[in-house]
Amino acid sequence: MTINRRIILTASASALAASLSLSSAFAQKKYDEGASDTEIKIGNTMPYSGNASAYGNIGRTIEAVFKMVNESGGINGRKVNFVTYDDGYAPPKTVEMVRKLVEEDKVLALFNTLGTPGNTAIHKYMNAKKVPQMFVATGASKWGQPKDFAWTMGWQPDYQTEGAIYAKHILETQKDAKIGVLMQNDDYGKDYFNGFKAGLGKDNEKMIVQLSTYEVTDPTVDSQMIQLKNSGANVFFNITTPKFAAQAIKKAAEIGWKPVHYLNNVSSSFGTVFVPAGVEASQGIILALYRKDANDPQWNDAADVKAYRAFAAKYMPQANLKDDTHNYGYSVAHTMIEVLKKAGDNLTRENLMKQAASLQGFEAPLLLPGIKINTSPTDFYPIQAVQLARVKGNSFEMFGKVMANESK
Amino acid sequence: MEQFIQQVASGLANGAIYACVALALVMIFVATDHLNFAQGEMAMFSTYLTWQLIQWGLNFWVALAFSAGLSFLIGIIIERFILRPLHGAPVLSNVVVFIGLLAIFHSLAGAIWSHTIKAFPSPFPNVTFAGSGYIGPHQIGMIAVSLLLLFALFAFFRFTSLGLAMRAAAQNPASARLVGVRVDWMLALGWGLAAAIGAIAGAMVAPAVYLEPNMMASILLYGFAGALVGGIANPAGAVAGGFLVGVLENLVAYFGNMLEKATGLYVVGNGEKLMVALAIVIAILTLKPNGLFGRTIVKRV
Amino acid sequence: MATIDTTAPISAAVTAPKPALSNMAGLAIIVGLAALPVIGAQLGLLSNFTILQISLMVVYAIAVLGLNLLTGFNGQISLGHGAFFAVGAYCAAILIDRYNANYLLTLPVAAIVCFVIGYLFGLPALRLEGHYLALATFGLAIAVPQMLKYRHLEPLTNGVQGINLIKPDAPFGLPFSGDVWMYIIVVIVAIIMFWLARNLLDSRVGRAMRAIRDQPLAADTMGINTARTKAVTFGVSAIYVGIAGALHAIIFEFVSPDSFRFELSVAILVGAVVGGIASLPGALIGGIFVQVIEKYADALTKKLTNTMHLPIELEPWTIYGIALIALMYLMPNGIAGGLASLWRKVRH
């Protein structure tokens, strides 16, 4: 089978080469596995079950977006076949499902596979196989290394950059800051924390008076919050996923701890964080945004938010739009569509990466005004700008300028 | 010192969560002689029922009463229809069935109510009082409810003939049958009561940790530890065990943190607190194999 | 306190001594069957991914066998064998990654380390019975992934990031892909491990193990050193699971603390019970079950949701749970036990 395919591939490649040399005036159709005249096959893994199952909505939204695209004629006449599997947020499962996607389902590329541990587990494999691992759903900083990992690209602002931006803001605005950090004890938490420390700089690292970690299996973070309060910290950097963010905000209010509160973007959602935690207790929390929260009244008239709501009403009637993960899925799916459109009839893996690495000023729907997607062969960090905002009432009040940190 | 008191108070509050779950475990163990691994997920499912009823406009306590009743029925149905045919089967087959139930309840909850976290109202008035910096009103209410449940259970097993019949049915079904106890129904009743207690436990837990399908997964573990360290057949022991585990894990982190501050040496921290707490529990069990408050059972040959 | 009653009839059938000739014939049949996937792969009928999956079945079968020895043949329940799986996997990963060890050499090391840990853990755990032992092992399963992240072990384990490995190629220029080659290794190891298990069960120690399971007090009075036998069984059981873990790390090319969560221990236990708890063929069936069931649950769920237009989107775990309950209902002694009794019925 493998041998046969190789022969066919070489044959078709040489045929292509021959036709290429004949005339380049014809629009060339070039395909790798997973692409044809009628279909583009895209693979994905998501935690539809397990600890991180709340993120499964991203996969459901992406599926719905591709359904919408297919019903309106597809991309350049081709239907998108989005194959998504549950990996339960367990790396071995991710490896297995991804090998299935690549070797059995023969997808053209992976798109938005979710989670730092899972993507880490397949990082080397994807690059050895030379199959694109595009716009992964994690903000770890390691996804932007085109030299060593030419087939892997992130999407959202990376955690380190974001952490550094908070640190800078603290240095600018807080005199005598004593910082307490609550951190999820894993890759994601450490990435944020390292960026944050780097942002403070060596001399200011001692401003961090308390680092408290929690495990995803901890029932509550109450004990950690008490540690933090008693450390005398007056600034709080909260590196937590939505459930724990809500717990932390609520507990801080309960024990009467009122630091200047910085919250990571991962939990920037009214529906899943501030409303459950209590909007009252969430007032004044500072965070870095790059997307619009479609529930935020200030965007009621924005064209993209309207389009998003119309899409959701038709294709995900049961979805709870208060959940911000739907926005994420919508926005990232449109980035993929843009790349597939640009790739035209040249649907090879190489061209896909080439197109993904040449996005200039692309405004994906639901990105904040002034935030654009820029990539280049040396810049594999699509979104690198954020906007600081604070929770005010039922809305985010943005302040300052868009802070960009293009291409390191 | 201030922090020490706070950590103990917060440990007691968490301990109340574990104690509630441990009570449900004890209930089913006393009634059926099985450890029900699906207990946590059943409680989580019941909590969703309560939440749904509250969403439909019912008062908290009314909703809880309804869902506890409903859970009671579900418990009985599970025993009558799923476990009954397995009465003669090996213990491990039962364990696998429990795991199957766990998977079903877990995934059904996710499918019906989605995986996004939901806020769950606390039934207790949000008042400030002397010492509310140490422990919140919900936490105090939770401790009170777990103690109330304990007394109710204790009285039930001690002073009612039904309670006695249930214990007899679990411990020696053959003899119980001879003295006229309807053993089958006792088992079903045990399941029903355990499910109802689970519903109450869930409604106490959810305001503190938020409602989502994974809510009980880790709590069940602590509940197990609590129940076992106190003696699995002893409601009072289980509650004490739950509180003990709650306080222990907070103090492990607290002392580890203090040590690190004082000497710069990291030995244990928040990452290891569960591990150390479990190690202590296991150490206790090795010294007292029937739990702190369990009686040694002498086997007749 | 409930004692653990496992079923004896299957074990008796499996461990009955057989003449040497049929032994050789049996081995020949097993080798022949095991060679089929290799032939399939070389002819291009099976993809590397399929081969990987078959390898995983065999790997899980080794782990399930380990638990079988402890639970099925010695009557001790463990909810924490995922811990030994993790230890074995990390032994292999650390040795290969940090010390450039040959991957085959990592197997005996993983075995020794797991035996020592298993034996030491078995000693105090001896005092615990039934549910209490279950909790102690449960604690172990929770503690080990946490240990792997422990700050002072990070230089070795690489913490939460885990360790990436590269699958070994076939040596001597043999025309096998990495997956096929590792399948061959896995199968050879499995055959040796199953053969050893059979011999162990036939030996004095094996009889002592079963005596302790069935009649602990009588075994004691007969002069069997119950404590030592139990601890050794725990250690031996850990060896099996540890070797399975090491093989898993090598064929998967990746280890991380998240790979060995509590679910793994549950999967091994479910595999052991569903396969047949006191049965060697049962272990193989259990291994296949661990690997296959989730996938079918997934596919079946999709089909059901699409064809039946259910009001809610079903999740695979619902089907998985129903399958488990149905299996226990139909075959309370596991698939091996069920097949054996079916066979008896057919014959009479």
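The values are calculated or read from the model by the stated rules, or taken from the named source; none is laboratory data. Predicted model, so just to flag it, every value in this text is computed and none were measured. Note: ideal-geometry Cβ built from the backbone for every residue, glycine included; neighbour counts use all protein chains shown.
Please specify each residue of the stretch A:209-255 satisfying the condition of being touching a Gly at 6+ places or on another chain (Cβ under 8 Å), among the hydrophobic types (A, V, I, L, M, F, W, C), more than 7 Å from chain B (Cβ to nearest Cβ) and over 18 Å from A:N194 (Cα atoms).
A:L228, A:A233, A:I249, A:A253
I'd like the full set of residues that are within 14 Å of chain B (Cβ to nearest Cβ) and farther than 21 Å from A:S268 by Cβ, limited to the stretch A:72-96.
Once the filter is applied, which keeps residues that are within 14 Å of chain B (Cβ to nearest Cβ) and farther than 21 Å from A:S268 by Cβ, the stretch A:72-96 yields A:D86, A:G88, A:A90.
Say we look at the stretch A:39-71 and pick out the residues that are aliphatic (A, V, I, L, M) and within 14 Å of chain B (Cβ to nearest Cβ); which of these is nearest to the chain's Cα centre (by Cα)?
The residue in question is A:I58.
Given the structure, is C:A218 in contact with a Gly (Cβ under 8 Å, 6 or more places away or on another chain), surrounded by fewer than 18 Cβ atoms within 10 Å (Cβ to Cβ) and either among the charged types (D, E, K, R) or on the phi < 0 side of the Ramachandran plot (or both)? Can you show your working first?
Numbers: in contact with a Gly (Cβ under 8 Å, 6 or more places away or on another chain): no; surrounded by fewer than 18 Cβ atoms within 10 Å (Cβ to Cβ): yes; either among the charged types (D, E, K, R) or on the phi < 0 side of the Ramachandran plot (or both): yes.
So C:A218 fails the test.
Could you list, in sequence order, the residues of the stretch B:84-116 that are farther than 17 Å from C:Y320 by Cα and either in contact with a strand residue (DSSP E or B) (Cβ under 7 Å, 6 or more places away or on another chain) or more than 7 Å from every other protein chain (Cβ to nearest Cβ) (or both)?
Hits for the stretch B:84-116 are B:R84, B:H87, B:G88, B:W113.
Where in the stretch C:201-272 are there helices (runs of 4 or more DSSP H), lying fully within it, with 1 or more residues that are at the interface with another protein chain (Cβ under 10 Å from one of its Cβ atoms) and at pLDDT below 90?
C:216-221, C:226-252
State whether the residues of the stretch C:317-340 include one that is in a helix (DSSP H, G or I), in contact with a Lys or Arg (Cβ under 8 Å, 6 or more places away or on another chain), in contact (Cβ under 8 Å) with a residue 60 or more places away in the chain and crowded, with 18+ Cβ neighbours inside 10 Å. I'd like the intermediate steps shown before the answer.
Filtering the stretch C:317-340 for residues in a helix (DSSP H, G or I) gives C:317-330, C:334-340.
Still in the running and in contact with a Lys or Arg (Cβ under 8 Å, 6 or more places away or on another chain): none.
Checked the stretch C:317-340: no residue is in a helix (DSSP H, G or I), in contact with a Lys or Arg (Cβ under 8 Å, 6 or more places away or on another chain), in contact (Cβ under 8 Å) with a residue 60 or more places away in the chain and crowded, with 18+ Cβ neighbours inside 10 Å.
Kindly establish whether B:M142 is touching a residue at least 60 places away in the same chain (Cβ under 8 Å), outside any helix (DSSP H, G or I), within 14 Å of chain A (Cβ to nearest Cβ) and under 17 Å from B:L64 (Cβ atoms).
Working: touching a residue at least 60 places away in the same chain (Cβ under 8 Å): yes; outside any helix (DSSP H, G or I): no; within 14 Å of chain A (Cβ to nearest Cβ): yes; under 17 Å from B:L64 (Cβ atoms): yes.
So B:M142 fails the test.
Please verify whether A:Y262 is farther than 28 Å from A:D176 by Cα, more than 10 Å from chain B (Cβ to nearest Cβ), surrounded by 20 or more Cβ atoms within 10 Å (Cβ to Cβ) and touching a strand residue (DSSP E or B) at 6+ places or on another chain (Cβ under 6 Å), treating the condition exactly as stated.
Considered against the rule, which asks whether it is farther than 28 Å from A:D176 by Cα, more than 10 Å from chain B (Cβ to nearest Cβ), surrounded by 20 or more Cβ atoms within 10 Å (Cβ to Cβ) and touching a strand residue (DSSP E or B) at 6+ places or on another chain (Cβ under 6 Å), A:Y262 comes out as no.
So B:L149 passes all but one of these: (1) buried (at least 19 other Cβ atoms within 10 Å of the Cβ); (2) within 14 Å of chain C (Cβ to nearest Cβ). Which condition number does it fail?
With (1) buried (at least 19 other Cβ atoms within 10 Å of the Cβ); (2) within 14 Å of chain C (Cβ to nearest Cβ) applied to B:L149, the lone miss is (2).
Applying the selection to the stretch B:157-183, what residues are in contact with a helix residue (DSSP H, G or I) (Cβ under 7 Å, 6 or more places away or on another chain) and either at positive phi or in contact (Cβ under 8 Å) with a residue 12 or more places away in the chain (or both)?
Residues satisfying the conditions are B:F157, B:A165, B:M166, B:R167, B:A168, B:A169, B:A170, B:V181, B:V183.
Can you tell me which residues in the stretch A:84-110 are within 19 Å of the chain's Cα centre (by Cα), among the hydrophobic types (A, V, I, L, M, F, W, C) and either assigned to a loop (DSSP other than H, G, I, E, B) or closer than 18 Å to A:T61 by Cβ (or both)? So that I can check it myself, show each step before the final result.
Within the stretch A:84-110, the first condition is being within 19 Å of the chain's Cα centre (by Cα), and the residues that meet it are A:84-91, A:94, A:98, A:109-110.
Add one more test, that the residue is among the hydrophobic types (A, V, I, L, M, F, W, C), and what stays is A:90, A:98, A:109-110.
A:A90, A:L110, listed by residue number.
Looking at A:S53, A:S72, can you tell me which residue is farther than 19 Å from A:M134 by Cβ, among the polar types (S, T, N, Q) and in contact with a helix residue (DSSP H, G or I) (Cβ under 8 Å, 6 or more places away or on another chain)?
On the way: A:S72 fails: in contact with a helix residue (DSSP H, G or I) (Cβ under 8 Å, 6 or more places away or on another chain).
Answer to the selection: A:S53.
Could you please let me know if A:F149 is in a loop (DSSP other than H, G, I, E, B) and touching a helix residue (DSSP H, G or I) at 6+ places or on another chain (Cβ under 7 Å)?
yes
Considering only the stretch C:250-305, state which residues are of a type in the set (V, I, T) and in contact with a strand residue (DSSP E or B) (Cβ under 7 Å, 6 or more places away or on another chain).
C:V255
Would you point out the residue of the stretch B:242-282, among those that are in contact (Cβ under 8 Å) with a residue 24 or more places away in the chain and within 11 Å of chain C (Cβ to nearest Cβ), that is surrounded by the fewest Cβ atoms within 10 Å (Cβ to Cβ)?
Ranking the candidates gives B:I280 first.
Looking at the stretch B:39-80 only, could you name the residues that are surrounded by 22 or more Cβ atoms within 10 Å (Cβ to Cβ) and not in a helix (DSSP H, G or I)?
The answer is none; no residue qualifies.
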